[in-house]
Amino acid sequence: MDTDLAHAWLLAVASSVEADRERLTRLDAEIGDGDHGTNLHRGFTAVRAALEEIHPESVGRVLVTTGTTLISRVGGASGPLYGTVFRTAGKRLEAPECDVAELAAALSAGYEAVCALGSARVGDKTMLDALHPAVEALTAADPTGGLAAAARAAAEAARKGAEATVDLQARKGRASYLGSRSRGHLDPGAASTALVFGALADVTSG
Ligand code: ADP
Ligand code: MG
Ligand code: MG
């Protein structure tokens, strides 16, 4: 991945979030406070502006700029959480380009950081249930297979992970207030994480 591709990735996330804003908000209305789409749309609109203004010059700087912007512009829990994923990953990528293994290791560090920040783990019905399998798929990808194939596997893993949150009972975030009534609904943060990796698959396939 080079800087241009990282930039394209985040712009594609912004477009997906914009297109799916109402679905994300609807999912959050079912088990939360109905603002996830609005929160992320505000955040990624600011990310788009920040990337255009700052023109970061490495993959890492693109991700750090994204994370910092999300932390400062998103009011909900998802801002600091997503912000931490991107900032932590970005800080580990200083060279202008990175390969699949380096991207996987950086995102894995981002995953660990968000687990620590939110004191949640896989199975708690959060974004982690999509992020973890996506990072695992990237880590397991054949390094000679290229980024596009790895990104496709990660996107598929995130999508399946998100889907599997339907059967889970929430143990973190607002949805946990519902107890067992949180079952039967897709977690909005896991759904948006699937969009993040879907966007990665899209921009790397061309
Ligand atoms: P808020 O809950 O503050 O309104 P959002 O609606 O934007 O924020 O984001 C909600 C999403 O954040 C949830 O669907 C869940 O995926 C994620 N989330 C909430 N708490 C945690 C946590 N402690 N760890 C990881 N993810 C979390
Ligand atoms: Mg919410
Ligand atoms: Mg909220």
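The values are calculated or read from the model by the stated rules, or taken from the named source; none is laboratory data. On a predicted model such as this, the values are computed, not experimentally measured, just so you know. In this analysis, Cβ positions are derived from the backbone assuming ideal geometry, glycine residues included, and neighbour counts consider all displayed protein chains.
Details
- The conditions of being of a type in the set (A, V, I, L, M, F, W, C), in contact (Cβ under 8 Å) with a residue 24 or more places away in the chain and within 16 Å of ligand 1 (Cβ to nearest atom) are not met by Leu147.
- Exactly one residue among Ala175, Ala130, Ala155, Ala162 is in a helix (DSSP H, G or I), crowded, with 23+ Cβ neighbours inside 10 Å and within 16 Å of ligand 3 (Cβ to nearest atom), and that residue is Ala175.
- Helices (runs of 4 or more DSSP H) completely within region 21-103 that count 1 or more residues being at pLDDT 95 or above and within 29 Å of Arg181 (Cα to Cα): 21-31, 36-54, 78-91
- Among the residues of region 38-69, those that are more than 9 Å from ligand 2 (Cβ to nearest atom) and farther than 21 Å from Lys91 by Cβ comprise Leu40, His41, Arg42, Thr45, Arg48, Ala49, Glu52.
- Filtered residue count, region 62-116, keeping only those that are surrounded by fewer than 19 Cβ atoms within 10 Å (Cβ to Cβ) and of a type in the set (Val, Ile, Thr): 2
- Residue satisfying condition, being in contact with a Lys or Arg (Cβ under 8 Å, 6 or more places away or on another chain) and either within 16 Å of ligand 3 (Cβ to nearest atom) or closer than 29 Å to Ala141 by Cα (or both), within set Leu117, Leu93, Leu10: Leu10
- The C-beta contact set for region 182-205 (first residue at pLDDT 95 or above, second residue part of a loop (DSSP other than H, G, I, E, B) and of a type in the set (S, T, N, Q), distance under 8 angstrom, 6+ apart or interchain) comprises Ser182/Gln169; Arg183/Gln169; Asp187/Thr126; Gly189/Thr126; Ala190/Thr126.
- Criterion: polar (S, T, N, Q) and closer than 16 Å to Ala194 by Cα - qualifying residue of Thr88, Thr126, Thr84: Thr126
Here's the yes/no breakdown for (1) more than 16 Å from ligand 3 (Cβ to nearest atom); (2) at negative phi; (3) among the small types (Gly, Ala, Ser):
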site: Asp2; (1), (2), (3): yes, yes, no
site: Ala6; (1), (2), (3): yes, yes, yes
site: Asp28; (1), (2), (3): no, yes, no
site: Arg87; (1), (2), (3): yes, yes, no
